[in-house]
Amino acid sequence: MDGGTRPAVRLPVEQLMKILVVDHEKVNRANLADKLAAHGHEPVTASDGQEALDRLLGETYDIVFVDAKVPKVEGIELLRQIKQGPARTRRS
């Protein structure tokens, strides 16, 4: 390769994940979601901590990517609440 971007590698269906991406910067959310989708994953985005908690109450995710400085509920507090519940993740 010439140092450019690598082609997306497709994982077997049983290894694909539903992933919540939480970031207040729209471009960061979109970039990460696009990269995850290119690998076959199902990204879902939230622009702040409260939106992420609301999504977690209604859906189950394999992984949650959280920016530390999101509004309404900051990233570290969001992770604490996810760990304590009632939000659900598949692999918590």
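The values are calculated or read from the model by the stated rules, or taken from the named source; none is laboratory data. Worth saying up front: this structure is predicted, and the values here are computed from it rather than measured. Every residue, glycine as well, gets a Cβ built from its backbone with ideal geometry; the counts of neighbours run over all protein chains shown.
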Query raised in the report: Residues of segment 13-27 being touching a residue at least 12 places away in the same chain (Cβ under 8 Å) and over 20 Å from residue 62 (Cβ atoms), which ones?
Result: 24, 25, 26
Query raised in the report: Wholly within segment 15-92, which strands (runs of 3 or more DSSP E) include no fewer than the required count, namely at least 2 residues that are of a type outside the set (A, V, I, L, M, F, W, C)?
Result: 42-46
Report summary line: In the set 59, 51, 25, the lone residue that is over 9 Å from the mean Cα position of the chain (by Cα), farther than 17 Å from residue 84 by Cβ and modelled with pLDDT under 95 is 59
Report summary line: Checked against (1) modelled with pLDDT under 90; (2) part of a helix (DSSP H, G or I); (3) charged (D, E, K, R), residue 6 satisfies every condition except (2)
